[in-house]
Number of protein chains: 2
Amino acid sequence: MRKVTVYITLKQGVLDPQGKAIQESLNSLGYKEVEEARVGKYIEMTIEDGPKLEDRVKEMCDKLLANPVIEDYQFEIGEAAHS
Amino acid sequence: MRKVTVYITLKQGVLDPQGKAIQESLNSLGYKEVEEARVGKYIEMTIEDGPKLEDRVKEMCDKLLANPVIEDYQFEIGEAAHS
């Protein structure tokens, strides 16, 4: 088994109203030092190890996890774990 | 300016229907090796450097960014960047 972590972020230039709301809420709570906030997704998966794991994770991101028009993604494949 | 990255995940034992939906969708797309998926949030902030930055980020997480009842968080404070 492998732990795979996928980080999905909005591409630069894509408006992020949720991030803007967070930034404004933090500012109004007194955290005036927060200049920008952007929100992304963080997906942790447990995947059975197999050949071409990296290629398959990339496909999963392109097909389902991320929207490649507006989002970028990165992923990390962790060490094999015993389950 | 500092880049601060916050990772928010559901606590172990908290049901994650969104993660379950992702796992089932991946399985039905042919990625049968995916045994579990859990979804969290990933927040990137640009924050003006100042004293007690770490304590302040922790407060932001406790007060606004995460729900400490059901979520765990971790954060990383990046190197000072010139803007």
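Check B:LYS3, B:LYS11 and return the single one that is among the basic types (Lys, Arg), more than 7 Å from chain A (Cβ to nearest Cβ) and closer than 27 Å to A:GLN12 by Cα. Just a single option satisfies the conditions, and that option is B:LYS3.
Please go through segment A:6-21 and give me each residue that is within 15 Å of A:TYR42 (Cβ to Cβ), crowded, with 16+ Cβ neighbours inside 10 Å and out of contact with any Gly (no Cβ under 7 Å at 6 or more places or on another chain), ordered by number. Even if it seems obvious, please write down each step before you answer.
Kept after step one, since they are within 15 Å of A:TYR42 (Cβ to Cβ), are these residues of segment A:6-21: A:6-10, A:18-19.
Filter once more, keeping what is crowded, with 16+ Cβ neighbours inside 10 Å: A:6-10, A:19.
Passing the criteria: A:VAL6, A:GLY19.
Scoring B:ILE70 on the criteria (1) more than 9 Å from chain A (Cβ to nearest Cβ); (2) more than 14 Å from the chain's Cα centre (by Cα); (3) of a type in the set (A, V, I, L, M, F, W, C) leaves a single failure, condition (2). When you go through B:VAL69, B:VAL34 one by one, which is the residue that is out of contact with any strand residue (DSSP E or B) (no Cβ under 9 Å at 6 or more places or on another chain) and among the β-branched types (Val, Ile, Thr)? None of the other options fit; the residue is B:VAL69. Where residues in segment B:57-67 are at the interface with another protein chain (Cβ under 8 Å from one of its Cβ atoms) and surrounded by 18 or more Cβ atoms within 10 Å (Cβ to Cβ), which of them is farthest from A:ILE77 (Cα to Cα)? Per the criteria, the residue is B:MET60.
Filter segment B:27-41 down to residues that are farther than 24 Å from B:ASP72 by Cα and surrounded by fewer than 16 Cβ atoms within 10 Å (Cβ to Cβ) and give me whichever is nearest to the other protein chains (Cβ to nearest Cβ). My answer is B:LEU29.
Can you go through B:GLU48, B:GLU44, B:GLU24 and tell me which one is open to solvent by 20 Å² or more (accessible area, probe 1.4 Å) and either under 17 Å from A:LYS3 (Cα atoms) or more than 7 Å from every other protein chain (Cβ to nearest Cβ) (or both)?
Working: B:GLU48 fails: either under 17 Å from A:LYS3 (Cα atoms) or more than 7 Å from every other protein chain (Cβ to nearest Cβ) (or both); B:GLU44 fails: either under 17 Å from A:LYS3 (Cα atoms) or more than 7 Å from every other protein chain (Cβ to nearest Cβ) (or both).
Unique residue meeting the criteria: B:GLU24.
The values are calculated or read from the model by the stated rules, or taken from the named source; none is laboratory data. All of these numbers come straight from a predicted model, not from anything done at the bench. Don't worry about glycine lacking a Cβ; one is built from the backbone with ideal geometry, like all the others, and counts go over all protein chains shown. Ligands, DNA and RNA are stripped out before the accessible areas are found, and what is left, the full protein with its side chains, is counted by its heavy atoms. Shrake-Rupley method; radii C 1.70, N 1.55, O 1.52, S 1.80 Å.
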